[in-house]
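Working notes, structure below.
The values are calculated or read from the model by the stated rules, or taken from the named source; none is laboratory data. What you see is a predicted model, and the numbers here were worked out from it, not measured in a lab. Here the Cβ positions follow ideal geometry from the backbone for every residue, glycine too, while neighbour counts run over all protein chains shown. What goes into the accessible areas is simple: the full protein's heavy atoms, side chains included, and nothing from ligands, DNA or RNA. Shrake-Rupley method; radii C 1.70, N 1.55, O 1.52, S 1.80 Å.
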Amino acid sequence: MLSHRLVRIVEGRSEAIVEPVVREIRANPEFKHMQKSPVAELREWGCGVLNDLGNWLIAGKDAALASRYEGLGRLRFKESVPLHEVVHALHLLKSGTIDYVRDQGFSQTPVEIFAEEELEYLLGHFFDWLEEHLVHGYETALRKAAHLAS
């Protein structure tokens, strides 16, 4: 599949894709809590997500990957990062990845255009799946904390 080739390009250029996302998180006052994270940690998070894209495509809805993102959601709760910041950052990364693919001018022939559209479709599903597991982990930690407080 041509879209798999594009996935490999995204994975290989993850640092270039993540850098504008990190700059936006650091500059945007809406990320009041995430701005406290070191730049290297934000870069590692973004690159890690993009590198998981290929694994997700190969393995499908992998339980270990789901568990890892649920764990990340629990961690963000423990760090007192509001859920809206976590989701917003994920949306920025998704948009940044799609913009990067479009800006590279990969699509020239009808087959390449189809591959790019297929990649955008897969990216949408991937990021939605990640968001679901991040939110699930966050909510699990929230419920646990509420139960312990009562």
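Being of a type outside the set (Gly, Ala, Ser), touching a Gly at 6+ places or on another chain (Cβ under 9 Å) and either in a helix (DSSP H, G or I) or open to solvent by less than 10 Å² (accessible area, probe 1.4 Å) (or both) holds for only one residue in 65, 72, and it is 72. When the residues of the stretch 28-46 are narrowed to those that are open to solvent by less than 30 Å² (accessible area, probe 1.4 Å) and over 18 Å from residue 133 (Cα atoms), which ends up farthest from the chain's Cα centre (by Cα)? In this case the residue turns out to be 28.
Considering the stretch 136-150, the residues that are touching a residue at least 24 places away in the same chain (Cβ under 8 Å) and open to solvent by 30 Å² or more (accessible area, probe 1.4 Å) include one that is nearest to residue 98 (Cα to Cα), namely 136.
Applying the selection to the stretch 47-64, what residues are in contact (Cβ under 8 Å) with a residue 24 or more places away in the chain and more than 10 Å from the chain's Cα centre (by Cα)? Result: 54, 56, 57, 61. Of the residues making up the stretch 75-90, those that are of a type in the set (Val, Ile, Thr) and in a helix (DSSP H, G or I) are 86, 87. Of all positions in the stretch 4-27, none carries a residue that is in a loop (DSSP other than H, G, I, E, B), exposed (fewer than 14 other Cβ atoms within 10 Å of the Cβ) and either modelled with pLDDT under 95 or out of contact with any Gly (no Cβ under 7 Å at 6 or more places or on another chain) (or both). Considering the conditions (1) among the aliphatic types (A, V, I, L, M); (2) surrounded by fewer than 17 Cβ atoms within 10 Å (Cβ to Cβ); (3) in a loop (DSSP other than H, G, I, E, B), residue 58 is excluded by exactly one of them, (3).
The set of residues from the stretch 112-132 being farther than 16 Å from residue 57 by Cβ, touching a residue at least 60 places away in the same chain (Cβ under 8 Å) and open to solvent by less than 90 Å² (accessible area, probe 1.4 Å) comprises just one member, 112.
If you check residue 84 against the conditions, is it open to solvent by 60 Å² or more (accessible area, probe 1.4 Å), under 17 Å from residue 34 (Cα atoms), at pLDDT 90 or above and not hydrophobic (A, V, I, L, M, F, W, C)? Spelling it out, residue 84 is indeed open to solvent by 60 Å² or more (accessible area, probe 1.4 Å), under 17 Å from residue 34 (Cα atoms), at pLDDT 90 or above and not hydrophobic (A, V, I, L, M, F, W, C).
Here the condition is being of a type outside the set (Lys, Arg) and closer than 14 Å to residue 129 by Cα; of 89, 64, it holds for 64 alone. Under the condition of being in a helix (DSSP H, G or I), loosely packed, with under 15 Cβ neighbours inside 10 Å and modelled with pLDDT under 85, the residues counted in the stretch 91-109 number 2.
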